[in-house]
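Remarks on the structure that follows.
Bear in mind these aren't lab numbers, they're just calculated from the coordinates by the rules spelled out. Here the structure is a predicted model, which is why all the values come from computation and not from measurement. Because the Cβ atoms are built from the backbone with ideal geometry, glycine has one as well, and the counts that use them run over all protein chains shown.
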Amino acid sequence: MRRLRLKAGFTQEEIALRSGLTQGYINHLEMGKRNYTQKSLELIADALSTPVIDFFKEDQEHKPAVSEAEPVYRDKKAIAKELLIIIKDLPEAVAGHYLTLMKIERDLLRSQRLSG
């Protein structure tokens with residue numbers, strides 16, 4: 001986020017004002033002291049006039065927040081079954097949050113495959 005903010009020429013205070021978040025919260029996100037939420041990512045992306053997916057792209061000097069490596073997992077059927085069990089027990093808002101994150105990850109992987 002810091003890289004995109006600096007590239008856009010904004011201070012933390014300006015992003016805070018534009019997003020409705022506090023400067024302290026923005027600082028903690030950039031320092032890794034707080035975790036992003038779906039809502040905070042959307043607000044900050046809007047404040048930067050950039051798509052959320054840009055937070056997960058790498059440039060020449062920085063690695064993305066989401067790893068490009070595709071680790072080897074158990075078969076997908078077993079994973080899907082376990083995932084459904086977990087999501088079923090989560091509150092709707094939390095399940096929606098994770099669904100959004102998985103969609104972002106899927107779109108990022110698709111774009112990498114198409115460009116690579």
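Which entries in Lys39/Lys103; Lys33/Lys57; Lys7/Lys57 show an alpha-carbon gap greater than 18 Å?
Those over the limit are Lys33/Lys57.
May I ask you to derive the relative contact order of region 2-115, considering only C-alpha pairs under 8 Å and at least 6 residues apart, and to give it as an integer percent?
Worked out over region 2-115, it gives 20 percent.
By average Cβ neighbour count within 10 Å, what is the ranking of 99-108, 83-92, 31-40 from highest down?
99-108, 31-40, 83-92
How far, in nm, would the chain grow between Lys33 and Glu105 when pulled straight, counting 0.36 nm per residue and subtracting the alpha carbon separation?
23.7 nm
What list of ³J(HN,Hα) couplings, whole Hz, do you get for region 21-33 from phi and the Karplus terms 6.51, -1.76, 1.60, once you set θ to phi - 60° and write x for glycine and proline?
Result, ordered by residue: 8, 8, 5, x, 5, 4, 4, 5, 4, 5, 7, x, 8 Hz.
Using a Förster radius of 35 Å, what is the FRET efficiency between Gln23 and Lys77 based on their Cβ-Cβ separation? Nearest 0.05, please.
For R0 = 35 Å, the calculated efficiency reads 0.15.
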